[in-house]
Amino acid sequence: MTRVIIAVLFIIVSKTIVFGQNSPFDEKTIYSRVISAFLRNLNTEEQILVIQRELDKMDLSEIAFIDSAVLRSLLPLTSFNANRQILDNLVLADYKLIFASRKELGEMFKKKSLDSWKDFYKKYPKSGGLLKTSQIYLNSSKTKGLIYISILKGSLGGAGYVIYFDMTAPEIIKLTQEIWVS
């Protein structure tokens, strides 16, 4: 019950801010450091990933799975890039990213069959799968936050995670909560 109340509080206190306003980290720095650390923690061997260019919205009910003490330490959270819909020109150390639009991916996967993944790997033959990410949600000091990341590798090969991070810590990922797996 406490987690549900905190999730509701999160929704109530969320507000929009713009990059550059009292932020010690810019958008690309946060995305590149968090995603790189996340992939290192997964011990993924793939060097090439297709990333969906458009950002997904985080399903706010998913934060109910995060420890309530962690959530309380983050409140109030704000959507760091609520007006930003596209993630372009992101660079990750040790990874080559190929950007694909939601429309392009939607066309490829509209038949929802095993052939869709065959088509995906035909178009991106050395890819380690498809990575999607949400907008970033940050605390008031804009140093700690949450992000949703999913990695899809096949029709029954994927997982989605909510990640709690601290940009000021040597190990920036503090908690990775698996939300779903297939």
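The values are calculated or read from the model by the stated rules, or taken from the named source; none is laboratory data. As the structure is a computational prediction, the values presented were derived from the model and not from experiment. Quick reminder, even Gly has a Cβ in these numbers, built from the backbone with ideal geometry, and neighbours come from all protein chains shown.
Only one residue in Glu107, Glu46 is of a type in the set (Asp, Glu), at negative phi and within 19 Å of the chain's Cα centre (by Cα), so which one is that?
Result: Glu46 is the single residue among Glu107, Glu46 that is of a type in the set (Asp, Glu), at negative phi and within 19 Å of the chain's Cα centre (by Cα).
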What are the residues in the range 119-156 that are within 20 Å of Lys57 (Cβ to Cβ), assigned to a loop (DSSP other than H, G, I, E, B) and aliphatic (A, V, I, L, M), if any?
Ile136
Among (1) in contact (Cβ under 8 Å) with a residue 24 or more places away in the chain; (2) outside any strand (DSSP E or B), there is one condition Lys111 misses while meeting the rest; what is its number?
(1)
Looking only at residues in the range 4-38 that are touching an Asp or Glu at 6+ places or on another chain (Cβ under 8 Å) and either of a type in the set (S, T, N, Q) or surrounded by 11 or more Cβ atoms within 10 Å (Cβ to Cβ) (or both), which one is modelled with the lowest pLDDT?
Phe19
Within the range 46-65, restricting to residues that are closer than 24 Å to Leu175 by Cβ and assigned to a loop (DSSP other than H, G, I, E, B), the one that is modelled with the highest pLDDT is Leu55
As an exercise: evaluate Ser116 against (1) in a helix (DSSP H, G or I); (2) crowded, with 19+ Cβ neighbours inside 10 Å; (3) of a type in the set (Ser, Thr, Tyr) and give the number of the one condition it does not meet.
(2)
Scanning the range 124-182 for residues that are surrounded by 15 or more Cβ atoms within 10 Å (Cβ to Cβ), charged (D, E, K, R) and out of contact with any helix residue (DSSP H, G or I) (no Cβ under 7 Å at 6 or more places or on another chain) gives Lys132, Lys142, Lys153, Asp166
Only one of (1) in a strand (DSSP E or B); (2) within 28 Å of Phe25 (Cβ to Cβ); (3) under 16 Å from the mean Cα position of the chain (by Cα) is not met by Lys96, so which one is it?
(3)
